[in-house]
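Shown next, in structure tokens, is the structure this report addresses.
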Amino acid sequence: MYEFFIEPFVVDLTMSYALVAGLFLCISASVLGVFLVIRRMSLVADAMSHALLPGVAIGMMIAGSASLVVLAGGVITGLVVAIGAGIIMQNTHLKEDASFATTYILSLSLGMILVGNDGHELSHILFGTIYNISDIDIWVILIVSSVTMILLALFYRPIVMECLDPLFMRMDGGLGRITHLLFLVMLAFNLVAGYKVLGTLLVVSVMLLPAITSTFVTRSLERQIVLSALISICILYFGLVIAYNYNFPPSAIIAILGGVCYVVALLFGAQKGILRRTSKIQASPV
């Protein structure tokens, strides 16, 4: 048991770095995921994660793998896509999901052109390099995670209100728009900060799958936040351990474990789990 679950983090420094960076990312990303699910913006997060590719690619062209430059490039691209999709939605008949879909397809294509024929580099961007985390990467993720949690604590009430009733918030002066923009900024920073851990394609796995899973377990928002963070941390840890011992891609294993948690909650969850609902219907008197 020790050799399987503990020893990899003792004998291999890259595993320790991967665990620390992943823990910081999971805490903030999973909490954001709960608000994304409540706001029905899950596809928006997925679209933004794809849209980061050109910014990340440009940052790597300018400064290699320097975290701060790549972070800036990805955040700028993510915000441009988010704001652009919002403008399209407000001025055309397209809804939010359709406008995000069109912008992320274009930005993803542009990113692949910028990366060029370097398939190795493209693979690193899309699927992450969790075994190549540096001290600077950890500090960047720590700062992004800490600032995100502080902002969520300070603006908790308006963010919750914006998620539950966005139209009402936007009628209340500019507070709704500011809150929505702040949320998009936090989302973009977390997606970019996590690209090296899980890649731009799978970083949403620790953001959305635990959050969606928690909705099948409890109705309480506070409990959903705590449960989402715990699930995210667990799938990260066990994903790293399984990937290390069996030589699997870590980002894929982490995403699969998140999917397993989702399926279990979908079937047996206390809140609208399929089998739970079926048993209640059968037990109810005719």
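What follows is calculated from the coordinates using simple rules that are stated; it is not laboratory data. Being a predicted model, the structure only gives us computed values, none of them experimental. Counting neighbours? That spans all protein chains shown, and the Cβs are built from the backbone with ideal geometry, glycine included.
How much net charge surrounds Val31 when only other residues with a Cβ under 14 Å from its Cβ are counted (Lys, Arg +1; Asp, Glu -1)?
Overall, the nearby charge balance is +1.
What relative contact order, as a whole-number percentage, does region 2-283 give when Cα pairs under 8 Å and 6 or more residues apart are counted?
Value for region 2-283: 27 percent.
Residue exposure proxy: Val69, Val206, Val81, ordered by other Cβ atoms within 10 angstrom of their Cβ from fewest to most, comes out as Val69, Val81, Val206. Among the DSSP helices (H) of the chain, those spanning at least 30 angstrom by Cα along their long axis with an average Kyte-Doolittle hydropathy of -1.0 or more are 13-38, 67-91, 221-246; this is a geometric and hydropathy rule only.
By the count of other C-beta atoms within 10 Å, a proxy for reagent exposure, Arg39, Arg223 are ordered fewest to most as Arg223, Arg39. Checking (i) 29, 27, 17; (ii) 40, 20, 17; (iii) 42, 25, 19 against semi-axes √(5λ) of the Cα gyration tensor in Å calculated from these atoms, the matching label is (i).
Taking other C-beta atoms within 10 angstrom as a stand-in for reagent exposure, Phe100, Phe35 fall in the order Phe35, Phe100, fewest first. Let me check I've understood the local charge: for Val197, count other residues with C-beta under 15 angstrom from its C-beta, Lys and Arg +1, Asp and Glu -1. What total comes out? Net local charge, Val197 excluded: -1.
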